[in-house]
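First up is the structure itself, then whatever we jot down about it.
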Amino acid sequence: MSGSLTDKSKILFHRSIADRARTIAPFLSYDADPPYIVVVDDRLYWIIDAYTTANRFPYSEPYSVSTVGGQRLNYIRNSVKVVVDAYNGDVTYYVVDPEDPLIRTYDNIFPPGFFKAFAEMPDALKGHVRYPQGLFQVQAALYATYHMKDPRVFYNKEDAWVIPDEIYRGSRQRMDPYYVIMNLPGEEAEEFILMLPFTPPRNKENMIGWMAARSDGAAYGSLVVYQFSKQELTYGPMQIEARIDQDTEISQDITLWSQSGSSVLRGNTLVIPIEDSIIYVEPLYLEATEKGTLPQLKRVIVAYGDRLTMQDTLGEALAVIFGGETGDISDTGEAGIGDLPPVSENDREKLVRIAELYDLASQALDDGGDLGLYQKYFDEIGRVAAS
């Protein structure tokens, strides 16, 4: 067949990262989110979130988990982080939840060393571990009902929450959790979190609260929930989407761009808490109708209180929102989130600098996928935000 084959040649049957993990440990369930790659000591590794699951756990509510293969489960734990060496395919299973009875049973079944303790994971790798979206979606959906502690309120579902919708790629769909780097209220430093807002039931679109899953250091795995006052109106994602549709200038531009062989794609709406306020950010992409074309970022929409603007970049949008062209935000009247706090000159400069670095990071990806330069800009964003 080939002169390159020798007695030391090998055939690799399972090159797919997810396929390798499932073949070695088929008794685990795996997150539907694709494995993500990280750089540690000039070496590439893939990380996969794995779950122990069951459908007959006593006194637990069944739930169809679309993010874990559509299984109907009533028990799920993110007990294992799977790390795959991108160069030689070595697969390592680290147990991050040693209290899980299922993973303890599996650990006793297999030879010592098949599962490794989380403490054995290199510290550089630990810094890249993130809370999984699949588990978070299940927890958020169930917490929307089970946050009610009064039996009568719970029975009548008087205070049930729902996960809001958003407009994505031109159609309405349920909002997905998203990762952001931000200061949680009461915390001194920025951290990497996964978050999702809640709205009231019965077709009410205002925001009632939001949940965050923490991923950094000792706080990994902890969930926090922030609830808004029912006496004040806080805009929800669909209310912001409606305001975008009602803005004549934005609607006119979207209609214009949607002609002549191109279409406008509305990106995910990001709800970003900042101190006692909320900033909403939504990107607009322009995509040609021909096959094989890539969407390009065309505009960025930013909403804050009653202010709404669409600009070429995030930096320009923030400059307009925070007093650049429309005066001081402390003069804003009914804002939809109570009284908006004034923004200091130092904070305004930080926001502008962060927006510039974000644009540079996006440009680094667009120009050739330079992940090193992309990470450099995001590290600088963290330093600016923490200063």
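Listed values, structure above:
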item: Elements of type helices (runs of 4 or more DSSP H) contained in the stretch 121-170, each with 1 or more residues being more than 21 Å from Pro200 (Cβ to Cβ); result: 123-126, 133-146
item: Tally of residues being more than 23 Å from Gly305 (Cα to Cα) and loosely packed, with under 14 Cβ neighbours inside 10 Å across the stretch 215-257; result: 5
item: Every residue from the stretch 258-273 that is within 19 Å of Asp165 (Cα to Cα) and surrounded by fewer than 12 Cβ atoms within 10 Å (Cβ to Cβ); result: none
item: Strands (runs of 3 or more DSSP E) contained entirely in the stretch 1-76, each with at least 1 residues that are within 22 Å of Ala140 (Cα to Cα); result: 43-54, 63-65, 71-73
item: Which numbered condition Ser29 fails, given (1) crowded, with 17+ Cβ neighbours inside 10 Å; (2) over 23 Å from Pro122 (Cβ atoms); (3) over 23 Å from the mean Cα position of the chain (by Cα); result: (3)
item: Unmet requirement for Pro62, which otherwise passes all of (1) surrounded by 18 or more Cβ atoms within 10 Å (Cβ to Cβ); (2) modelled with pLDDT under 95; result: (1)
item: The lone exception for Pro201 - which of (1) part of a helix (DSSP H, G or I); (2) modelled with pLDDT under 90 it fails; result: (1)
item: Identity of the residue in the stretch 176-198, outside any strand (DSSP E or B) and touching a residue at least 24 places away in the same chain (Cβ under 8 Å), that ends up nearest to Met238 (Cα to Cα); result: Asp176
item: Filter result for the condition that a residue is buried (at least 17 other Cβ atoms within 10 Å of the Cβ), at pLDDT 90 or above and not aliphatic (A, V, I, L, M), over Pro151, Pro177; result: Pro177
item: Enumeration of residues in the stretch 269-319 that are polar (S, T, N, Q) and over 29 Å from Asn346 (Cα atoms); result: Thr289, Thr293, Gln296
item: Unmet criterion (only one of (1) in contact (Cβ under 8 Å) with a residue 12 or more places away in the chain; (2) in a strand (DSSP E or B); (3) not aliphatic (A, V, I, L, M)) for Gln173; result: (1)
item: Selected residue (criterion: farthest from the chain's Cα centre (by Cα)) from residues of the stretch 269-296 that are in a strand (DSSP E or B) and over 30 Å from Gly209 (Cα atoms); result: Ala288
item: Test: residue in the stretch 255-268 that is out of contact with any strand residue (DSSP E or B) (no Cβ under 7 Å at 6 or more places or on another chain) and outside any loop (DSSP other than H, G, I, E, B); result: yes
item: Residue check for Glu290: of a type outside the set (A, V, I, L, M, F, W, C), touching a residue at least 60 places away in the same chain (Cβ under 8 Å) and over 26 Å from Tyr179 (Cα atoms); result: no
item: Residue match in the stretch 286-303 (condition: more than 26 Å from Asp253 (Cβ to Cβ) and modelled with pLDDT under 80); result: no
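The values are calculated or read from the model by the stated rules, or taken from the named source; none is laboratory data. Everything numeric here is computed off the predicted structure, so don't read it as measured data. Cβ: placed from backbone, ideal geometry, glycine included. Neighbour counts: every protein chain shown.
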